[in-house]
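Everything below concerns the one structure shown next.
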Amino acid sequence: MICYKYILTKVLGWKIKGDFPNLNKSVIIFAPHTSYWDAFFGKLYLKNIGVKHKFLSKKELFIFPFHLLMYAYGSIPVSSGRNFILQISEIFNSNKEIHIVLSPEGTRRKVNKWKKGFYYMAEAAHVPIVVGYIDYKKKEIGIKGVIQETENIKSVMREINGYYQNVGAKHPERFSLNIADKINHKSD
């Protein structure tokens, strides 16, 4: 673990912020996700803190020969739909310790409406959502907070938006908070 921390902090000059909570299972969201570099820095960070984790990645990335790298990296192919949520719930149920990591935006492009799969996974598996971040402006990576209460999706999304309010993406023009729900909420 010292090797990962040395590479991340001494060689690459990043600061690690926030303590990872004492949890055996969680859905970890990481944002902003605007570059392939996010996965590299995220992997160094997660290896440094020593949590058992799996990344969720687009199933389109699992083509020969890249699928070998994706599995070695610790990725699980993602498809959409309720069956996938149940599949992830089964992964949680069959492991004593596992953290599922994904980007709530679902892409590196700018989107105004984030994917909600992470929320439904946490709900189905009865695990908290850990809010991780990567801030290129401050050169920080770490944990912003933990969301234990997940009964109300609108309040969860508002809390998550608050955590990411001033986080600097590698490509800021590609990052947006989940503003679609804010717009819909105003018209309620």
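The values are calculated or read from the model by the stated rules, or taken from the named source; none is laboratory data. The structure displayed is predicted, hence computed values, not measured ones. Neighbour counts are summed over all protein chains in view; Cβ atoms, including those assigned to glycine, are modelled from backbone coordinates with ideal geometry. For accessibility, only protein heavy atoms count, side chains too; no ligands or nucleic acids. Shrake-Rupley method; radii C 1.70, N 1.55, O 1.52, S 1.80 Å.
Touching a helix residue (DSSP H, G or I) at 6+ places or on another chain (Cβ under 6 Å) and either open to solvent by 40 Å² or more (accessible area, probe 1.4 Å) or of a type in the set (Val, Ile, Thr) (or both): is that true of LYS58 in this structure?
no
Identify all residues within the range 94-141 that are part of a strand (DSSP E or B), within 18 Å of SER79 (Cβ to Cβ) and of a type in the set (Val, Ile, Thr); write none if there are none. Reasoning before the result, please.
Residues of the range 94-141 part of a strand (DSSP E or B): 98-102, 129-135, 140-141.
Of the ones still in play, those that are also within 18 Å of SER79 (Cβ to Cβ) are 100-102.
Within the range 94-141, ILE100, VAL101 meet the criteria.
For LYS52, all conditions in the list (1) open to solvent by 70 Å² or more (accessible area, probe 1.4 Å); (2) over 21 Å from ILE7 (Cβ atoms); (3) modelled with pLDDT of 90 or more hold save one; what is the number of the exception?
(2)
Any residue at all in the range 19-34 that is touching a helix residue (DSSP H, G or I) at 6+ places or on another chain (Cβ under 9 Å), in a helix (DSSP H, G or I) and either modelled with pLDDT of 90 or more or more than 23 Å from GLU159 (Cα to Cα) (or both)?
no
Considering only residues that are touching a Leu at 6+ places or on another chain (Cβ under 9 Å) and not aromatic (Phe, Trp, Tyr), look in the range 98-117 and name the one that is surrounded by the fewest Cβ atoms within 10 Å (Cβ to Cβ).
My answer is ASN112.
Anything in the range 82-120 that is modelled with pLDDT under 90, within 17 Å of PRO32 (Cα to Cα) and among the aliphatic types (A, V, I, L, M)? List them, or say none.
VAL111
Which of the residues belonging to the range 64-81 are open to solvent by 100 Å² or more (accessible area, probe 1.4 Å), at pLDDT 85 or above and either assigned to a loop (DSSP other than H, G, I, E, B) or in contact with a Ser or Thr (Cβ under 6 Å, 6 or more places away or on another chain) (or both)? Explain how you work it out, then say what you get.
Filtering the range 64-81 down to residues open to solvent by 100 Å² or more (accessible area, probe 1.4 Å) leaves 64, 66, 68-69, 71, 80.
Restricting the remaining residues to those that are at pLDDT 85 or above gives 64, 66, 68-69, 71.
PHE64 - this is the single residue of the range 64-81 that is open to solvent by 100 Å² or more (accessible area, probe 1.4 Å), at pLDDT 85 or above and either assigned to a loop (DSSP other than H, G, I, E, B) or in contact with a Ser or Thr (Cβ under 6 Å, 6 or more places away or on another chain) (or both).
Would you point out the residue of the range 35-49, among those that are among the small types (Gly, Ala, Ser) and in contact (Cβ under 8 Å) with a residue 60 or more places away in the chain, that is surrounded by the most Cβ atoms within 10 Å (Cβ to Cβ)?
GLY42
Which residue, of TYR136, TYR163, is closer than 30 Å to LYS10 by Cβ, at pLDDT 95 or above and within 15 Å of the chain's Cα centre (by Cα)? Write out each step before concluding.
Details: TYR136 fails: within 15 Å of the chain's Cα centre (by Cα).
When all the criteria are applied, what remains is TYR163.
Looking only at the range 151-178, count every residue that is open to solvent by less than 20 Å² (accessible area, probe 1.4 Å) and hydroxyl-bearing (Ser, Thr, Tyr) and tell me the total.
Number of matching residues: 2.
Any idea which of (1) open to solvent by 20 Å² or more (accessible area, probe 1.4 Å); (2) over 19 Å from ILE49 (Cα atoms); (3) modelled with pLDDT under 95 is the one GLN148 doesn't satisfy?
Every listed condition holds for GLN148 apart from (3).
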